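J.: Take this structure, written in structure tokens, and hold onto it; I'll ask about it next.
Here, each number is a calculation from the coordinates, and none is a lab measurement. If you're wondering where the values come from, they're calculated on a predicted model, not measured in any experiment. FYI the Cβ positions are ideal-geometry reconstructions off the backbone, even for glycines, and counts take in every protein chain you see.
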């Protein structure tokens, strides 16, 4: 309960608080009214459905169709959403920095032949903004709007720059418009690999049509699909090319087609260009330079398409691990969110589950370079790894059988009843082995500080 002697102070405080909020609201409202009064066009961005940019004889036309913007002149194609949105926002908020009144002679201001004219349609009404010379000191630009063609205004330099976009900036820069989750098939073609069709079976799971027994690295196909989706046009080279051969597009050096529910999106790939490559939509259109060398990317993916990994399982299924030299093995058992590890001398270590997953992730990076036969295998393996599930069922077994002079390691792996022997790169194998050794080491605490003289 508030003491009665404090009630007058409380009332005064509430009155001052109300006065403060009232003044703040009034000031905010006045600022909004001033801003609205300075706006040249009383329109909203979503109300604009047609746009024309004129620079002398050059004219660019855009139209909104089903919620999307398209160039209609000088060529027909999808417009760049970010650039168009910037222009629409500027038109809806463009302000007069100064009002210079009427003038009969527009020539001194560059408005007898405006450097830029912007016409747009909103609510079935056409509007126009003409922009002329820069003001002294480059602090703004002279302009007038359609309803007062002799009434001089000054707009800010940033507003003029936002509206004055070259035609190439207005073109859509995307090469593919598909949705990642709707891709069903990928058709690739290069001179070295020929035609390759890859059908998606599930998450990270793909099959090579016509070569169903060929093990496909699904993660590498998914990465290619992602990179293609993010690739952009770096430059538009030729709108109506007469000689496609000079770009390596007649015939094309490669081709990509992405299939989803709609018509396949196809892209022809040509010669390498600076920091990218020449390309053209298969249905026609301009020759462009891509921001990445897509032909090289497709070629690398096809060359590395075969799944040669030693282990292709899931880390979540592993509940027990045994690793190390046969006479000095470590045993790890998963308990909730950590692993209990027991060493050859009964020493115990606890590791977070995430650390063990790093070791399994590095195991998944091991790939066979080529198959090989064990010639003079040792009586027992030099190093082994066993993975079991929660029921004790073996998931995977690896045995190191020897090391070659060319820095490759001979290993034998067993998954189910299938055994496979081959060579793996020494570098990646030793990196994985080093990670497994770290898992068996107790965590290192902070380094001790310097001893004092008393110690």
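J.: For a Förster distance of 35 Å, can you work out the FRET efficiency between the beta-carbons of residue 430 and residue 389, rounded to the nearest 0.05?
T.: That pair, residue 430 with residue 389, gives E of 0.80.
J.: Could you tell me which label, among (i) 4, 20, 30, 27, 15, 4, 0; (ii) 4, 14, 15, 14, 13, 13, 13, 10, 4, 1, 0; (iii) 4, 18, 22, 18, 16, 12, 6, 2, 1, 0, carries the value of P(r) over Cα pairs in 10 Å bins from 0, in percent calculated for this structure?
T.: (ii)
J.: Can you give me the orientation-averaged projected area of the convex hull built on the Cα atoms of the range 45-170, in nm²?
T.: That works out to 7.6 nm².
J.: Then there's this: Treating each Cα of the range 180-303 as an identical point scatterer and ignoring solvent, apply the Debye formula and state log10 I(q)/I(0) at q = 0.09, 0.17, 0.18, 0.20 Å⁻¹.
T.: -0.24, -0.85, -0.94, -1.13
J.: To the nearest 0.05, how large is the calculated FRET efficiency for residue 19 and residue 45 if R₀ is 41 Å and r is the Cβ-Cβ distance?
T.: 0.65
J.: Find how much the distance from residue 213 to residue 353 grows on full extension, using 0.36 nm per residue of separation minus their present alpha carbon separation; answer in nm with one decimal.
T.: So the chain would gain 46.9 nm between residue 213 and residue 353.
J.: Length gain on complete extension for the stretch residue 275 to residue 226, per 0.36 nm per residue less the alpha carbon to alpha carbon distance?
T.: 15.7 nm
J.: Pairing the Cα long axis of helix 7-38 with the longest principal axis of the chain, what angle in degrees results, from 0 to 90 and rounded to the nearest 10?
T.: Rounded to the nearest ten degrees, it is 70.
J.: Please give the direction-averaged projected area of the C-alpha convex hull for the range 39-88, in square nanometres with one decimal.
T.: That works out to 4.0 nm².
J.: Another question about this same structure. log₁₀ I(q)/I(0) of the range 162-209 at q = 0.29 Å⁻¹, via Debye over equal Cα point scatterers, no solvent, to two decimals?
T.: Per q value, in the given order, log10 I(q)/I(0) is -1.08.
J.: Then there's this: Can you tell me how much longer the chain between residue 78 and residue 4 gets when fully stretched, taken as 0.36 nm per residue apart minus their C-alpha distance, in nm with one decimal?
T.: 19.4 nm
J.: May I ask for the angle, rounded to the nearest 10°, between helix 426-439 and the longest principal axis of the chain, with both axes built from Cα atoms and the value confined to 0 to 90°?
T.: So the inclination is approximately 80 degrees.
J.: How big is the Rg/Rh ratio for the range 211-262, C-alpha atoms only, Rh by Kirkwood, two decimals?
T.: Ratio of gyration radius to Kirkwood radius: 1.09.
J.: Computed over the Cα atoms, what is the radius of gyration of the range 81-123 divided by 2.2 N^0.38 Å, N being its residue count?
T.: 1.49
J.: With a 10 Å radius around each residue's Cβ, average the other Cβ atoms per peptide and rank 318-325, 60-67, highest first.
T.: Packing order, densest peptide first, comes out as 318-325, 60-67.
J.: Something else about it: So for 144, 13, fewest C-beta neighbours within 10 Å to most, what's the order?
T.: The order, fewest Cβ neighbours first, is 13, 144.
J.: Another question, if that's okay. Can you give the relative contact order of the chain as a percent, counting alpha carbon pairs under 8 Å and 6+ residues apart?
T.: It rounds to 8 percent for the chain.
J.: So for the range 28-169, averaging the separation of alpha carbon pairs under 8 Å that are six or more residues apart and normalising by length, what relative contact order in percent results?
T.: Relative contact order comes out at 23 percent.
J.: Rank-order 72-83, 118-129 by packing density, defined as the average count of other C-beta atoms within 10 Å over each peptide's residues, highest first.
T.: 118-129, 72-83
J.: What is the helix-to-structure angle for 353-364, meaning the angle in degrees between its Cα long axis and the longest Cα principal axis of the chain, kept from 0 to 90 and rounded to the nearest 10?
T.: Between helix and principal axis, roughly 80 degrees.
J.: Divide by every residue of the chain the summed helix terms, -39500 (n - 2.57) for each DSSP H run of at least 4, and state the resulting mean residue ellipticity at 222 nm, rounded to the nearest 500 deg cm²/dmol.
T.: -7000 deg cm²/dmol
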